[in-house]
Amino acid sequence: MSTTSYTSSGIVFGRDLWHVQKKNRALGLKLLYVVESLYIVTVSLSKVSVLLFFRRTFSQRWFQTATNTVLCLTIVTNLALLITQIIQCIPMKANWELDSPRYGHPNCINLQVFVVVGGVINILQELVLLAMPIPIVLRLPFQTRQQKTNSLIMFSLGVFTIACSIIRMVYVIRVEGAANFSWEYVDSIIWTNIEAGVTVMVPCLPTMRALILARKRAVNGQRELSGKWNFVRTV
């Protein structure tokens with residue numbers, strides 16, 4: 001996804017439309033069409049991975065039922081969004097060749113409505129994922145208040161994803177249908193990639209914490225062993 005965005009930026013985006021060759025305009029819109037589809041796939045799979053992590057981590061029956069329900073709703077709604085994104089214009093080539101006379105008057109959905117509906121669904125799902133583990137975490141028998149606080153902070157990192165989703169939606173709505181799209185779409189493309197990156201990174205942080213602690217213990221063990229070896233050599 002980032003590679004596609006980078007390629008499209010080098011060809012079309014980041015400059016005024018009248019400075020872009022006509023053949024490159026269609027290519028840029030093709031790449032943008034691919035980026036939008038990959039964005040939905042990336043965000044959807046990230047949510048599914050979080051829900052699978054919840055189902056594997058928390059064994060309470062009511063939580064398992066809630067997780068399975070949210071998982072099914074997430075898959076169905078995001079699959080519907082992806083299909084709508086793919087067939088937003090009929091024929092499909094009208095997405096990047098709207099000025100071509102051989103396609104006549106293509107049937108396209110209202111993209112602003114689609115962006116708002118998709119953005120609201122995305123934010124609501126992220127709020128649900130953010131709130132789901134909180135009751136379980138609060139009931140866990142932590143030894144110290146600091147441990148409980150650290151766990152809540154770890155599961156609350158989804159706030160960054162929600163913030164990125166809101167910022168992206170604002171930029172996309174603001175520039176949708178702009179005549180000078182090669183210049184106006186730059187910020188929305190940047191925030192699309194930022195949100196996708198944060199969405200992938202945040203679910204990995206709990207695992208990264210375990211890896212960092214394991215690495216820290218290994219380094220400390222090596223230092224302790226090195227200190228003992230140096231002591232033996234001096235003796």
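The values are calculated or read from the model by the stated rules, or taken from the named source; none is laboratory data. No experiment lies behind these values; they were computed from the predicted model shown. Note: ideal-geometry Cβ built from the backbone for every residue, glycine included; neighbour counts use all protein chains shown.
Taken over region 135-144, the criterion of being of a type outside the set (Val, Ile, Thr) and at pLDDT below 70 is satisfied by Phe142, Gln143. Being surrounded by 15 or more Cβ atoms within 10 Å (Cβ to Cβ), of a type in the set (Gly, Ala, Ser) and either modelled with pLDDT under 80 or under 24 Å from Val48 (Cα atoms) (or both) is the requirement here; does Gly118 meet it? Yes; evaluated as a whole, the condition is true for this residue.
Contact annotation: no residue pair with Cβ atoms under 9 Å, 6 or more positions apart or on different chains, pairs a residue in region 66-77 that is within 21 Å of Ile136 (Cα to Cα) and without any contact (Cβ under 8 Å) to a residue 12 or more places away in the chain with a partner that is in a helix (DSSP H, G or I) and small (Gly, Ala, Ser).
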